[in-house]
Every structure is written in C-alpha cells, then in structure tokens.
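The block underneath contains the structure these notes are about, expressed in structure tokens.
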Amino acid sequence: MSEEQQSKSNRPPSVDALARSIADTGLPHPLLVDAAREAIASGDPDLARTNAARMAQVMLQRVINATGTLLHTNLGRAPNGVSQEAGYRNLELDLLTGERGSRQSHAPGLIAQLCGAESAIVVNNCASAVMLILAALAGGKGVAVSRGELVEIGGGFRVPDVMAQSGAELVEVGTTNRTRASDYAKVVDDPNTDIALVMAIHQSNFKIVGFTEMPSTKALANLGVPLVSDIGSGLVDAACPWLPSGPPSWLADEPAAKQTLADGASLVAFSGDKLLGGPQAGIIAGDAELVARCAQHPLARALRPGGLVLGALQDLALTYMRRDWEAIPFWKMAMAPTSQLEQRASAIIAASNIGSVVETTAVPGGGTLPLVEIPSIGIALPGDHRVALRSAPTAIVARVAEDTTTLDLRTVDPSDDEAMTSALQQLASGGAAEAP
Ligand SMILES: *Cc1c(COP(=O)(O)O)cnc(C)c1O
C-alpha cells in the first residue's frame, strides 16, 4: 500500500490495525502482519482472518490419525510423546565420577541390552546409521550386496546412492530374485576385490515372490568379513517378551534385531520410529569394536541426536524392560482387540448421530510389513469429508474410497474419542459437513 493510496478517502485499513483486529487467532504479531498485508494486496481485507487461519493450519501440530496406517510417514510414523521440562541434563556428564561422559552412554546401552548386543549408538535415523557404518567400516573398500536388495526405501534412500555417498564401493552379487551365500563368498574370496563388509538390506516395503532364494543370516555370518544387516523396521526381539500374548501373527517373518545378531550378524541398523515405536532415530547395535569405530568416525558428530531424542529413547527402553507395552502407543494401538474398537466406534456414532460401524483393515505402514493387514473397525460416513475433518480443532486425517470417508479406530488413541465425537457432531449438524 502506497502513501498515495492511504491518503485517499476510501483507503484500505492500515496493515497494523487489520493485524490487530485478528489477534484473537492466537498467532504472533509478525505473522498477523503477513496475513493482513496479503489480504490488503489481494484487494479484500476481510481475507486477513482466512489467511491467518491457513497459516495456523499448516503449522506442525498434533493430529488424529484415522487412516488405519499405524506408522504413517506423513504423520510422523510412530506416535510418540517427547516432552521434557526446561532444565539442564547430564547429557555428557557422568554423575558418578563427575567426569566428562558421552551422550551415547544412556539410551544406547539400554537398547543394546534389549537386543542382546554388546554395544549400540544412536544417530538421527536409519539412513544415517547405514551411511555411518559404510563410511566408518568400508570407506574406500567394497561392500557386497545382493542385486535383490538394491532397494529404494522411499524419500530418496536408495541403497546404491547411499553407498556412493559413504565412499564405499558397491559390489553387486547374485540376481534380482536369487542370491546364494556362495555368490557373496566368490567376491569376498576374490583377491581382486577388497571387500570390507557383507551387507543385507531388508526389502521392507515390497516383496519378491515366486522363484526366489535369499541366504539366511547364519549363512552370511561366516564369510570372513563382518555381516551388517539393515533390518530397517526396528523390531527389537521377535519373541516380543513385552507382550503378554507373545508376538502377533502378523509379525511372522519380520526380522528382529536380537535374532539377527544371535544368528551371527556383526551389526544391525534400524529405525527408532518404526516398530520400535519411538522418536525418529537410527540405532547401530552389535559388536562393541565395530560400534566404537562408527562412534569415532567424524560423521558420527554430524549425525548425532539431541538430548530430547535420547531422553525419549531412554524412557522407551525402560518401558520395554518393564514390559509395559500399553505405555508404548504403537503397541497399544496395534494390539487393541477389535471388540474394543467396535465399542468405541458405536459410542462415537451414538453420541454424534452420524455414520455406521464398518470392518476395516489397518496396516503397519512406514515401509514395514508390506502385505500385512490387521483387522480393524472404522466409522463410515457417506461422502468425502476430508477437508472438514482436517480443519477440526485437532485435525483428523481420514481416508476416502468410493465416495465414503472411513475413520479407522485402530490408529486413534481412546483419549481422542471425544475430539472425534465433537468433529462428527459438527458434521452431523451440517455446519462443516459439506466439504468445499
Ligand atoms: C525405513 C528403512 C530405512 C530408512 O530409515 P529412516 O529411519 O527413515 O532413515 C533404511 N533401511 C531400511 C531397510 C528401512 O526399512
């Protein structure tokens, strides 16, 4: 707005006054000024409030995941509460000796114990874990990988590219569908190749079926070089000792850290926010000397996590040890009996007078267990209500198929049922029911 415009009789409101008039939206003044300026520039000052609402809606915030995908990548994978009081922490101080300590001495040791490893360290995510292992243990040397495992996990994590970035040289063995231990042995024993590691990468988000063959961990563990297994999904123990009923049937073939190490892998790498159910992190666990070499590599500093993540992982590891699985949101949601979900769905429907109970299939998601379905219960609403649901006070993310919106209860914490009920009441009352 120019001085000249301002001097006219029918001049638009000042940016500042307009910004102040929408202060009740709760945004700080500089953002309100942006919203006001944009509205005035568009010729409709009344849009300032809408602009502010849009800014608030795109901020990072708590949402209700009604998609039925337990580890939803767009929704931050595992639901995990990370909060700490403001205050100092003994992140790198040993309180027993008063000496300088290591941030890797708290949570990682507990996680190592959970998966029966000598040692462990934590980095930012599993991609970092793989990168660090390759750089520290195979920089300038060869790493034997099956052609069936040269995978893309998503978001740019492509095994050949990560390998190139790390400075290790990819040595492909076998074929897409069939690779044998002897294929690895051939390159390891070849005097013309300098193989530092054999690496197994869990296929995670796809399956090759039919005429296939992949060697077991045991068969790869004795080739004369360390075996590193990127299991990705972060199941710590296939026996699931934290679950009173043992492992659910849908976990059947998922590789677990403890068993992979027991079968002879020297190191495993996995994510913190997949089946482990924690914050975004990557864990490297296994042989103490190899873990130490990773920790000492200069990249380790660049990839190290902060105290917030390490604190959350420590809490999570202790919760696993206490076998308090219901305190781990992922496991609590994954294991909820469908009868319980049905009761909750019925109660929400009764209170809001809209929708019907339907059987659904939830999925683990997060690039794990690609063909697995977990029986679940949802609330079906005729029509597409996604826009209205996303603008509820706590945004609700639902899926739509065949012009029906389905809210899957498996991924909704019971403490959010009230918020779900009010959002559905709102839809039933017509207000927001018609998505624009
Ligand atoms: C998911 C996954 C990764 C990437 O993990 P991030 O924690 O997202 O970096 C790497 N490898 C495998 C096998 C995976 O499944």
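Taking the criterion of being loosely packed, with under 14 Cβ neighbours inside 10 Å and among the small types (Gly, Ala, Ser), the residues of region 76-101 that qualify are 81, 83, 86, 87, 98.
Restricting attention to region 191-203, the residues being farther than 16 Å from residue 133 by Cβ and either away from the ligand (no atom under 11 Å from the Cβ) or crowded, with 24+ Cβ neighbours inside 10 Å (or both) number 4. Restricting 63, 58 to residues that are more than 16 Å from the ligand (Cβ to nearest atom), modelled with pLDDT under 95 and among the hydrophobic types (A, V, I, L, M, F, W, C) narrows the list to 58.
Being farther than 24 Å from residue 423 by Cβ and outside any helix (DSSP H, G or I) holds for only one residue in 90, 65, 80, and it is 90.
Of the residues making up region 204-216, those that are within 11 Å of the ligand (Cβ to nearest atom) and either of a type in the set (Val, Ile, Thr) or surrounded by 13 or more Cβ atoms within 10 Å (Cβ to Cβ) (or both) are 204, 205.
If the condition is being touching a strand residue (DSSP E or B) at 6+ places or on another chain (Cβ under 8 Å) and either among the hydroxyl-bearing types (Ser, Thr, Tyr) or modelled with pLDDT of 95 or more (or both), then region 202-220 contributes 204, 212, 217, 220. Contact annotation: residue pairs with Cβ atoms under 6 Å, 6 or more positions apart or on different chains, pairing a residue in region 234-260 that is on the phi > 0 side of the Ramachandran plot with a partner that is small (Gly, Ala, Ser) and not in a loop (DSSP other than H, G, I, E, B), are 234/271.
The sole residue among 76, 68, 87 that is at pLDDT 95 or above and under 30 Å from residue 314 (Cα atoms) is 68. Kindly indicate whether any position in region 257-264 is in the same structural domain as residue 149 (by TED's automatic domain parsing), within 13 Å of the ligand (Cβ to nearest atom), under 22 Å from the mean Cα position of the chain (by Cα) and surrounded by 20 or more Cβ atoms within 10 Å (Cβ to Cβ). Within region 257-264, one or more residues are in the same structural domain as residue 149 (by TED's automatic domain parsing), within 13 Å of the ligand (Cβ to nearest atom), under 22 Å from the mean Cα position of the chain (by Cα) and surrounded by 20 or more Cβ atoms within 10 Å (Cβ to Cβ). One residue stands out in region 319-370 among those that are within 16 Å of the ligand (Cβ to nearest atom), hydrophobic (A, V, I, L, M, F, W, C) and in the same structural domain as residue 407 (by TED's automatic domain parsing): the one that is farthest from residue 73 (Cα to Cα), namely 369. Taken over region 107-124, residues that are in contact with a Gly (Cβ under 8 Å, 6 or more places away or on another chain), surrounded by fewer than 22 Cβ atoms within 10 Å (Cβ to Cβ) and assigned to a loop (DSSP other than H, G, I, E, B) amount to 2. Among the residues here, residue 368 qualifies as closer than 30 Å to residue 255 by Cβ and under 21 Å from the mean Cα position of the chain (by Cα). Counting only residues that are under 24 Å from residue 409 (Cα atoms) and in contact with a strand residue (DSSP E or B) (Cβ under 9 Å, 6 or more places away or on another chain), give me the helices (runs of 4 or more DSSP H) lying completely in region 291-367 with at least 3 of them. The helices (runs of 4 or more DSSP H) meeting that bar are 329-335, 338-352.
Taken as a whole, region 268-288 holds at least one residue that is part of a helix (DSSP H, G or I) and surrounded by fewer than 23 Cβ atoms within 10 Å (Cβ to Cβ).
Residues of region 227-238 that are in contact with a helix residue (DSSP H, G or I) (Cβ under 6 Å, 6 or more places away or on another chain) and in a loop (DSSP other than H, G, I, E, B): 236, 237, 238.
Picking from residues in region 226-278 that are modelled with pLDDT of 95 or more and among the aromatic types (Phe, Trp, Tyr), the one that is farthest from residue 368 (Cα to Cα) is 242. The selection criterion, being out of contact with any Cys (no Cβ under 9 Å at 6 or more places or on another chain), under 30 Å from residue 82 (Cα atoms) and within 16 Å of the ligand (Cβ to nearest atom), holds for residue 277. Within region 240-255, does at least one residue satisfy the condition of being assigned to a strand (DSSP E or B) and of a type outside the set (Asp, Glu)? No, there is no match, as no residue in region 240-255 is assigned to a strand (DSSP E or B) and of a type outside the set (Asp, Glu).
Note on region 217-256: among residues that are among the charged types (D, E, K, R) and away from the ligand (no atom under 12 Å from the Cβ), the one that is nearest to the chain's Cα centre (by Cα) is 237.
The values are calculated or read from the model by the stated rules, or taken from the named source; none is laboratory data. Quick caveat, the model's predicted, so the values are computed rather than measured. Glycine gets a Cβ as well: all are built from the backbone with ideal geometry, and neighbour counts include every protein chain shown.
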